[in-house]
1. Using a ≥ b ≥ c from the Cα gyration tensor of region 96-238 (square roots of the eigenvalues), is it rounded, prolate or oblate, where a/c under 1.5 gives rounded and otherwise the larger of a/b and b/c decides, a/b for prolate?
2. Alpha carbon centre of region 45-74 versus region 170-234: separation in Å?
3. If you add up the charges near ALA16, with Lys and Arg at +1 and Asp and Glu at -1, over every other residue whose beta carbon is less than 12 angstrom from its beta carbon, what do you get?
4. Within the chain, what whole-number % of the accessible surface is contributed by carbon and sulfur, with the 1.4 Å probe and all protein chains included in the calculation?
5. In region 181-224, what trypsin sites (Lys or Arg not before Pro) fall in a loop by DSSP, with at most 16 other Cβ atoms inside 10 Å?
6. Hey, can you find the accessible area per residue of region 1-104 for me, probe 1.4 Å, expressed in square angstrom?
7. May I ask for log10 I(q)/I(0) of region 5-105 at q = 0.14, 0.19, 0.20, 0.21 Å⁻¹, from a Debye sum over the Cα atoms as equal point scatterers with solvent left out?
8. Run through every distinct alpha carbon pair of region 31-184 and return the Kirkwood hydrodynamic radius in angstroms, one decimal place.
Amino acid sequence: MSHRPTNPIFCAVDTADLDHAGRIARAVSGAVGGLKLGKEFMTANGPAGAAAVVGDGVPLFLDLKFHDIPHTVAGAVRAAAEVLRPFMLTVHSAGGPAMVRAAAAAAAGFGVDRPLILGVTLLTSLDDDDLGRIGIAGSSDDYVRRMATLTRDCGGDGVICSPKEIHDLRQHFGGDFKLVVPGIRLAGAGSDDQKRVMTPADALAAGADYLVIGRAITAAAAPAEVAAAIAADLDAVA
Ligand code: C5P
């Protein structure tokens, strides 16, 4: 990958509004390790919008959660790497072994500039009841572990996981497997609509590699100051 994050924080820029995204990006770019753009921003603004918002040298986490036949996902990974040069991107682990392998192989074609391939194990919006309804027996914890194993065995670099899964996955998969963690809230803050939350320092101490932080930064009165304060806090525990 061409640009390495200078700290573990990826700020989620979750808006379809290009000007708003640009304001957030300009405010926080110097204080965070990188920016995350997902379906909302990319559907509205495309690669040209991403290029306008993500400055040169700012690591991009492209969170489009690819899930399709292997050939199509490989093509999407190649297109993303060529056009957007993301530091990391997501695919759904449930796309299966051949799909994850195809994504990893497509990424590998970019050598040292390749994007990290991260598996989405289980959407945190699904509970055990929902899992049953889509035909998956057993607990969500077992399912997450199974999807993470599939991701690793098929050449993925790591997974997205909730704060409560960090410890178990780190123990099980060792130090090289990347754990990227949303659901981060500042100490003393509310949880918005996130069911499982943790503070930045606790998530890092538990074994997270990168933290995805959206509203705690973007909805603050002074986003840059909040991002800088979190980064300083993390420096202290690193
Ligand atoms: O605003 P907040 O910090 O909750 O934003 C978290 C970001 O991480 C959002 O972009 C959200 O889509 C993403 N995310 C999540 N939970 C997951 C996977 C991704 O919150 N399980």
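1. On the way: a/c = 1.98, a/b = 1.32, b/c = 1.50.
Judged from the Cα gyration tensor, region 96-238 comes out oblate (a/c at least 1.5, b/c at or above a/b).
2. 22
3. Details: positive: LYS39; negative: ASP14, ASP17, ASP19, GLU40.
Here the count lands on -3.
4. On the way: 5520 of 10670 Å².
Of the solvent-accessible surface of the chain, carbon and sulfur hold 52 percent.
5. Numbers: sites: ARG185, LYS195, ARG196, ARG215; in loops: ARG185, LYS195, ARG196.
Of the trypsin sites (Lys or Arg not before Pro), the ones in loops of region 181-224 whose Cβ has at most 16 other Cβ atoms within 10 Å are LYS195, ARG196.
6. On the way: 4340 Å² over 104 residues.
Spelled out: the 1.4 Å probe surface of region 1-104, per residue, equals 42 Å².
7. For the requested q values the scattering log ratios are -0.52, -0.88, -0.96, -1.02.
8. Numbers: mean 1/r = 0.0628 Å⁻¹.
Mean inverse Cα-Cα distance, inverted, gives 15.9 Å.
The values are calculated or read from the model by the stated rules, or taken from the named source; none is laboratory data. Keep in mind that this is a model prediction, so the values were computed, not measured. So basically every Cβ, Gly included, is an ideal-geometry build from the backbone, and we count neighbours across all protein chains shown. These area figures cover heavy atoms from the full protein model, side chains too; ligands, DNA and RNA do not enter into them. Shrake-Rupley method; radii C 1.70, N 1.55, O 1.52, S 1.80 Å.
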